[in-house]
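Structure, as structure tokens:
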Amino acid sequence: MSEGSSKPRLLVLIGPTAIGKTRLSLELAAKYECEIISGDSMQVYRGMDIGTAKASKAERRLVPHHLIDIHDPEDPFSVAEFQELVRELIPQIHQRGKLPFIVGGTGLYIESVCYDYRFTEVGTDQQFRDDQDAFADQRGEEALHDKLRAIDPESAERLHYNDRRRVIRALEIAHVSGIPLSEHMANQTKDSPYELCIIGLTMDRALLYKRIEERIDAMMESGLVEEVRSLLAAGCPRDTVSMKGLGYKEIISFLEGELSLEAAVYLLKRNTRHYAKRQLSWFRHMKEINWVDVTDQTNFSAHLKKISDIITGKFVHKIEYN
């Protein structure tokens, strides 16, 4: 615990995809004796390694990692489950004398832990969900997303049209409660049960997009097509939440003969750029973020020092556990 505070400490590193969170997180975890909790909604799935850019097995041996490879791709994973699991992990990590360290880019998941978000207040309407599913089957994902944009443009901006499950949930919340999801979010308690130190990474947008394209090229060279092919061969349906993730739905379209490989890669790069933009939009709505610009990629040590100074200043000089 920190001086003058009874709240447990929680370190968080956020940033858009491909900005360089993994390398920084490993250095920081070693320095501050952390255990890393993945804050990524896709890294929970087994067998989905290349497309989700998981830390390698060698990297995971350096620092304990949690919430990676805990679900089969066919199984859904929700923000409520993430919140529950992380809230169980944090005291366990403290009991081991380590600092819990969430690293990732799924804004809603991370924010749900950092603040006292409640997900059980708005009920469900299964018939409404079924109707929206049928509408999307008939008219397409973008038409469903347009329905959300008409009633809740802020939530539509944050959710991709391919994320059918969350789009339908946002529509359902407005339908059941009469209040848009964005308003529910705005009214959530913003007090944290933790002593937070949130580091946010940013960089020049053109450079970020270049890094995204380079990462996708590297994924292709590492066998992304083979990874997706093996998931399909193992019986994972293409309409599961996991297989609609970036890198998977585009490659499935290639493997099913709907797109050329060149077109699939082009779409993957475009969709990932759009995703990074939505991540940054989400993070801008969060509070208490200490932003660090990492545009200068030749100056890693300076970025690391700046982040270390922020952590040290927040957590009072050094990490101490009784």
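The values are calculated or read from the model by the stated rules, or taken from the named source; none is laboratory data. For clarity, every value in this text was computed on a predicted model and none was experimentally measured. Every residue, glycine among them, receives a Cβ derived from its backbone with ideal geometry; neighbour counts consider all protein chains shown.
If you check residue 80 against the conditions, is it within 28 Å of residue 185 (Cβ to Cβ) and small (Gly, Ala, Ser)?
Against the criterion (within 28 Å of residue 185 (Cβ to Cβ) and small (Gly, Ala, Ser)), residue 80 qualifies.
Applying the selection to segment 167-188, what residues are over 17 Å from residue 123 (Cβ atoms) and in contact with a Leu (Cβ under 6 Å, 6 or more places away or on another chain)?
167 - this is the single residue of segment 167-188 that is over 17 Å from residue 123 (Cβ atoms) and in contact with a Leu (Cβ under 6 Å, 6 or more places away or on another chain).
May I ask you to verify whether residue 212 is within 25 Å of residue 25 (Cβ to Cβ) and surrounded by 15 or more Cβ atoms within 10 Å (Cβ to Cβ)? It would help to see each step written out before you state the result.
Values: within 25 Å of residue 25 (Cβ to Cβ): yes; surrounded by 15 or more Cβ atoms within 10 Å (Cβ to Cβ): yes.
Considered against the rule, which asks whether it is within 25 Å of residue 25 (Cβ to Cβ) and surrounded by 15 or more Cβ atoms within 10 Å (Cβ to Cβ), residue 212 comes out as yes.
Residues of segment 239-284 being over 23 Å from residue 136 (Cβ atoms), of a type in the set (D, E, K, R) and touching a helix residue (DSSP H, G or I) at 6+ places or on another chain (Cβ under 6 Å), which ones?
Those that are over 23 Å from residue 136 (Cβ atoms), of a type in the set (D, E, K, R) and touching a helix residue (DSSP H, G or I) at 6+ places or on another chain (Cβ under 6 Å): 269, 273.
What is the number of the single condition among (1) without any contact (Cβ under 8 Å) to a residue 40 or more places away in the chain; (2) in a helix (DSSP H, G or I); (3) not polar (S, T, N, Q) that residue 175 does not meet?
(1)
Anything in segment 30-54 that is in contact with a helix residue (DSSP H, G or I) (Cβ under 8 Å, 6 or more places away or on another chain), farther than 22 Å from residue 83 by Cβ and surrounded by fewer than 23 Cβ atoms within 10 Å (Cβ to Cβ)? List them, or say none.
Listed by number, the residues that qualify are 30, 31, 32, 47, 49, 50, 53.
When residue 239 is evaluated against the numbered criteria (1) loosely packed, with under 15 Cβ neighbours inside 10 Å; (2) assigned by TED's automatic domain parsing to the domain that holds residue 54; (3) part of a helix (DSSP H, G or I), which criterion, by number, is the only one it fails?
So residue 239 meets the others, but not (3).
Residues of segment 49-84 being under 20 Å from residue 272 (Cβ atoms) and in contact with a Leu (Cβ under 7 Å, 6 or more places away or on another chain), which ones?
50, 51, 73
Right, residue 305: at pLDDT below 95, out of contact with any Ser or Thr (no Cβ under 9 Å at 6 or more places or on another chain) and in a helix (DSSP H, G or I) or not?
Considered against the rule, which asks whether it is at pLDDT below 95, out of contact with any Ser or Thr (no Cβ under 9 Å at 6 or more places or on another chain) and in a helix (DSSP H, G or I), residue 305 comes out as no.
Which of the numbered conditions does residue 199 fail, given that it passes all the others? Conditions: (1) modelled with pLDDT of 85 or more; (2) assigned to a loop (DSSP other than H, G, I, E, B).
Single failed check for residue 199: (2).
What number of residues in segment 19-29 are buried (at least 22 other Cβ atoms within 10 Å of the Cβ) and either in a helix (DSSP H, G or I) or on the phi > 0 side of the Ramachandran plot (or both)?
4
Pick from 282, 291: which is assigned to a helix (DSSP H, G or I), under 30 Å from residue 314 (Cα atoms), touching a residue at least 60 places away in the same chain (Cβ under 8 Å) and in contact with a Gly (Cβ under 6 Å, 6 or more places away or on another chain)?
Only one candidate passes the filter, namely 282.
With the checklist (1) in a helix (DSSP H, G or I); (2) in contact with a strand residue (DSSP E or B) (Cβ under 9 Å, 6 or more places away or on another chain) in hand, flag the one item residue 263 doesn't pass.
(2)
So for segment 88-111 (the condition being within 30 Å of residue 225 (Cα to Cα), out of contact with any Pro (no Cβ under 9 Å at 6 or more places or on another chain), among the polar types (S, T, N, Q) and at pLDDT 95 or above), does at least one residue qualify?
Taking every residue of segment 88-111 in turn, none turns out to be within 30 Å of residue 225 (Cα to Cα), out of contact with any Pro (no Cβ under 9 Å at 6 or more places or on another chain), among the polar types (S, T, N, Q) and at pLDDT 95 or above.
Just to be sure before I move on: is residue 100 in contact (Cβ under 8 Å) with a residue 24 or more places away in the chain and either within 30 Å of residue 216 (Cβ to Cβ) or out of contact with any strand residue (DSSP E or B) (no Cβ under 8 Å at 6 or more places or on another chain) (or both) in the structure I sent? Before the answer, list the steps.
Working: in contact (Cβ under 8 Å) with a residue 24 or more places away in the chain: yes; either within 30 Å of residue 216 (Cβ to Cβ) or out of contact with any strand residue (DSSP E or B) (no Cβ under 8 Å at 6 or more places or on another chain) (or both): no.
When the stated conditions are applied, residue 100 does not pass them.
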